[in-house]
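Any read-out appearing in this document is the output of simple, stated calculations on the displayed coordinates, not a laboratory observation. Computed from a prediction, not measured in an experiment: that's the story for all the values here. Neighbour counts are summed over all protein chains in view; Cβ atoms, including those assigned to glycine, are modelled from backbone coordinates with ideal geometry.
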Ligand code: IFM
């Protein structure tokens with residue numbers, strides 16, 4: 001561990017990340033409108049145990065206490081998201097001062113504690129009123145999002161210098177519209193592609209708006225690329241399965257955002273499900289608006305092969321457009337409580353790839369792991385697997401830096417246990433434990449380890 005801290009350059013940013021719907025609760029307070037996640041989680045069968053974000057970590061009421069905890073951990077930065085339905089309850093129109101007021105206070109509290117606010121505008125809680133108009137299927141969403149970005153950057157831009165438009169547009173589009181496992185729960189591969197396109201269009205439309213309000217700020221987007229591995233001795237069909245999977249997970253976003261085009265062959269691969277009429281002249285120029293850095297969220301690699309002739313596809317990958325004959329291959333051990341493969345080398349590979357593709361400085365805006373934590377008799381949470389995961393992945397980040405990647409910061413996911421979307425409260429990712437009955441926060445061993453790494457780095 002000692003050596004990990006000292007492998008990072010001076011000025012490296014140490015943070016943690018959260019997202020509005022996962023921690024805030026208070027879903028009906030101060031004029032907040034309904035989001036697609038309120039609707040989805042209230043629909044029977046959509047989340048584990050019927051869990052919702054109604055109370056979550058009650059962060060809306062405990063914000064000061066939570067910022068004090070961040071200070072205790074020694075964080076340089078805190079990445080949080082703004083809930084669009086708090087700011088514009090119906091998704092458009094005059095901003096709600098009470099909703100904005102919460103983020104205004106949060107920013108002041110953070111700055112007062114010496115912690116840099118890193119703001120994400122959209123982490124999946126679309127106002128339900130906009131979904132009723134088609135949500136990310138409706139091209140008008142680009143303008144709605146830009147207006148929302150203007151409202152938030154106008155209110156906080158005098159103090160916030162780090163802005164991210166979208167968190168993981170792959171999840172919003174593919175999990176939300178193609179696989180149906182996230183809000184709004186549609187299961188149509190063509191809708192997944194339309195959503196991805198409109199998300200990138202909204203991003204590109206909002207970038208100049210943010211710059212107008214905060215000329216000196218850094219503007220970015222956060223993607224969740226994943227290193228795709230095929231079989232060790234691949235057939236031609238396996239190589240094609242890897243190519244198609246890589247395109248839908250990575251190229252779908254790297255292409256339009258950084259190369260001004262969809263990946264070669266991609267639109268032919270998805271031609272069976274769409275005529276691509278949602279792509280208008282000039283869209284790709286809008287989407288590829290220059291950025292200051294790229295946020296990378298990465299947890300695990302992806303393993304695939306071609307579906308053998310005569311077999312039914314295995315796993316969920318075949319539900320994604322262009323991947324109809326792709327099999328998911330079981331992860332190599334060890335795996336986390338999510339069943340996700342632990343692979344620091346894959347983490348390093350995807351960081352290096354992201355830096356290459358974007359040509360930008362990279363921030364690891366999320367990385368972490370879920371384990372079946374328990375509070376021990378000594379009142380502590382001993383989470384050796386999370387400590388190992390953290391130290392192993394920090395080592396991979398350091399390897400990438402030493403190999404030449406310009407990585408400027410790392411944000412542990414997550415500051416605290418929270419609402420893990422369709423998995424509800426079953427899966428705990430926090431470096432701080434939350435008792436959901438009492439809302440008591442307990443720093444886990446991993447949180448103490450992280451605090452030590454930060455302190456050691458600072459003392460260099
Ligand atoms: O909890 C999520 C987060 O909202 C987005 N990135 C992945 C995390 C773990 O699944």
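Beta carbons within 10 angstrom, averaged per residue: use that to sort the peptides 259-269, 419-429, highest first. Write down the numbers at each step before the final one.
Numbers: 259-269: 15.6, 419-429: 20.7.
For the peptides 259-269, 419-429, the packing ranking is 419-429, 259-269.
Here the stretch 83-148 and the stretch 1-58 have alpha carbon centers that stand 14 Å from each other.
Determine the percent antiparallel among the DSSP beta bridges restricted to the chain, to the nearest 5. Given both bridge residues lie in the chain, the antiparallel proportion sits at roughly 20 percent. Backbone N atoms of the stretch 147-178 closer than 19 Å to the 7 Å Cα→Cβ label point of residue 216 belong to residues 153-164.
Relative intensity of the stretch 112-183 on a log10 scale, I(q)/I(0) at q = 0.16, 0.18, 0.19, 0.25 Å⁻¹, equals -0.65, -0.78, -0.84, -1.20, per a Debye sum over C-alpha point scatterers of equal strength in the absence of solvent. Once the Cβ-Cβ distance of residue 292 and residue 426 is raised to the sixth power relative to R0 = 30 Å, the FRET efficiency obtained is 0.20.
Across the chain, how large is the tail of the calculated P(r) beyond 43 Å, expressed as a percent of all Cα pairs?
7
For the pair residue 113 and residue 261, a Förster radius of 56 Å applied to the C-beta separation gives a FRET efficiency near 0.80, rounded to the nearest 0.05.
Report the residues of the stretch 1-24 in range of a label on residue 456: point 7 Å along Cα→C-beta, backbone N strictly under 13 Å from it. Only 1-8 pass the distance filter.
Protection proxy ranking, highest mean first, for peptides 309-318, 87-96, 21-30: 21-30, 87-96, 309-318, where packing is the per-residue count of other beta-carbon atoms within 10 Å, averaged.
Principal axis extents of the C-alpha atoms in the stretch 382-427 (largest first, rounded to whole Å): 39, 22, 15. Dimensions of the stretch 264-304 based on its C-alpha atoms, expressed as ranges along the principal axes with the largest first, amount to 33, 33, 15 Å. Net length available on complete extension from residue 90 to residue 132 is 14.1 nm, with 0.36 nm assigned per residue and the Cα-Cα distance removed. Taking only the Cα atoms of the stretch 1-152, the ratio Rg/Rh comes out at 1.03, with Rh defined as the Kirkwood radius.
Indicate the gyration tensor shape class of the stretch 204-341 (rounded, prolate or oblate), computed on the Cα atoms with a ≥ b ≥ c the square roots of the eigenvalues: a/c under 1.5 is rounded; otherwise a/b larger than b/c is prolate and the rest oblate. It is oblate, given that a/c is not under 1.5 and a/b is not larger than b/c. Rg and Dmax of the stretch 320-391, based on Cα coordinates, read 16.5, 52 Å.
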